[in-house]
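Have a look at the structure below, then the notes.
Read the figures in this text as sums done on the coordinates, not as results from a lab. Bear in mind that the values here come from a model prediction, so they are computed numbers and not experimental data. As a convention, Cβ positions derive from the backbone with ideal geometry for all residues, glycine included, and neighbour counts pool all protein chains shown.
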Amino acid sequence: MAWYEQWFDTDEYELLYQNRNEDEARRLVSLIIDRTGVEAGSRVLDVGCGRGRHAVEFARRGFEVTGLDLSERSLEKAEQRAQEAGVQVRFLRGDMRKPVPEAFDLVVNLFTAFGYFEDDREHQAAIDAMAGSLDRDGWLVQDFLNAEYVRSHLVAADVRTVGQWEVRQSRRIQDGRIRKRIQFQTEEGSHAFEESVALLGRSDFERLYDAAGLEVVDVLGNYDGDPFAPGLPRLIHLAQRA
């Protein structure tokens, strides 16, 4: 079983990532709306929506939002988040490699919810599926890590206490991927999980987009909207049908 098919449904994931930055999500949603010009009432598909931070924020601003994710636990938490926020979001369980057979004004894939697959043909299938869900003048916005930044700022290891656990994280770059081992330890014993993401760069995405019939309109390097540069942490593509 691939790491992403189990890790997001665990109690340990919930504990480790319980304090995601809500202000960061609001900033990114504001940036996307500003740069694409999509208006309230437009249809938004959030691919790899996770616990629903961005999907709920779009809904707060009057968009008709669908969130797609493979993790049942993530979708349950996303539903809860939407209910607490008092907004309507349709959440679907599904694989990002399979298109949602509807037309959306905006398709987003945010916070590095991509690059999980070992075979690049699967990355292409995911991009094809996103492109296939775009309306005629729709936008695809994909927010990914900047591989150059990751290589130059890699923290090889760290240790912290989370609840009852001592959490040891180790990171390495191997075979074109960033691989992180997360070990949870108490006096009674320990167990570990792994995350693994392909270090895709601009040329990789351009190739994927070209094959999917997409044209890159702009590339940004952070949530402030600065143009992409090697020293900035994000690789944010804004694309439309060619």
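Diffusion coefficient of the chain by Stokes-Einstein, Kirkwood radius over Cα pairs, 4 °C, 1.567 mPa s: 70 µm²/s. Every helix of 4 or more DSSP H residues in the chain counts as -39500 (n - 2.57), and over all residues that averages to -9000 deg cm²/dmol at 222 nm. Using the Cβ-Cβ distance between Ala242 and Asp158 with R0 set to 30 Å, the FRET efficiency from 1/(1 + (r/R0)^6) comes to roughly 0.10. Comparing Cα centroids, segment 6-48 and segment 181-206 end up 20 angstrom apart.
Highest mean first, how do 21-32, 145-156, 129-140 rank when packing is the count of other Cβ atoms within 10 Å averaged over residues?
Numbers: 21-32: 16.7, 145-156: 14.6, 129-140: 19.8.
Answer by packing, highest mean first, reads 129-140, 21-32, 145-156.
Of the GluC sites (Glu not before Pro) in segment 37-70, the ones in a loop by DSSP (not H, G, I, E or B) with at most 16 other beta carbons within 10 Å are Glu39. Sparse packing (at most 14 other Cβ atoms within 10 Å of the Cβ) combined with a DSSP loop state is found for the following chymotrypsin sites (Phe, Trp or Tyr not before Pro) in segment 1-103: Tyr17.
If R₀ is 51 angstrom, what is the calculated FRET efficiency for the pair Arg181 and Arg136, using the beta carbon separation as r and rounding to 0.05? Once rounded, the FRET efficiency stands at 0.70.
Report for the chain the percent antiparallel among DSSP-assigned beta bridges with both residues inside it, nearest 5. That works out to approximately 70 percent antiparallel.
What net charge do the residues around Glu102 carry, taking every other residue with its C-beta under 10 Å from that of Glu102, with Lys and Arg at +1 and Asp and Glu at -1? After counting each charged neighbour, the total is 0. A straight chain from Arg202 to Glu84 at 0.36 nm per residue would run longer than the Cα-Cα distance by 38.7 nm. Amide H contacts under 5 Å for Leu134: Phe104, restricted to partners 5 or more places along the chain or on a different chain, H placed in the peptide plane at 1.01 Å from N. Taking all Cα pairs closer than 8 Å and separated by 6 or more residues, the relative contact order of the chain comes to 17 percent. Which FRET efficiency, nearest 0.05, do Ser30 and Asp218 yield, Cβ-Cβ r, R0 22 Å? Between Ser30 and Asp218 the formula returns 0.90.
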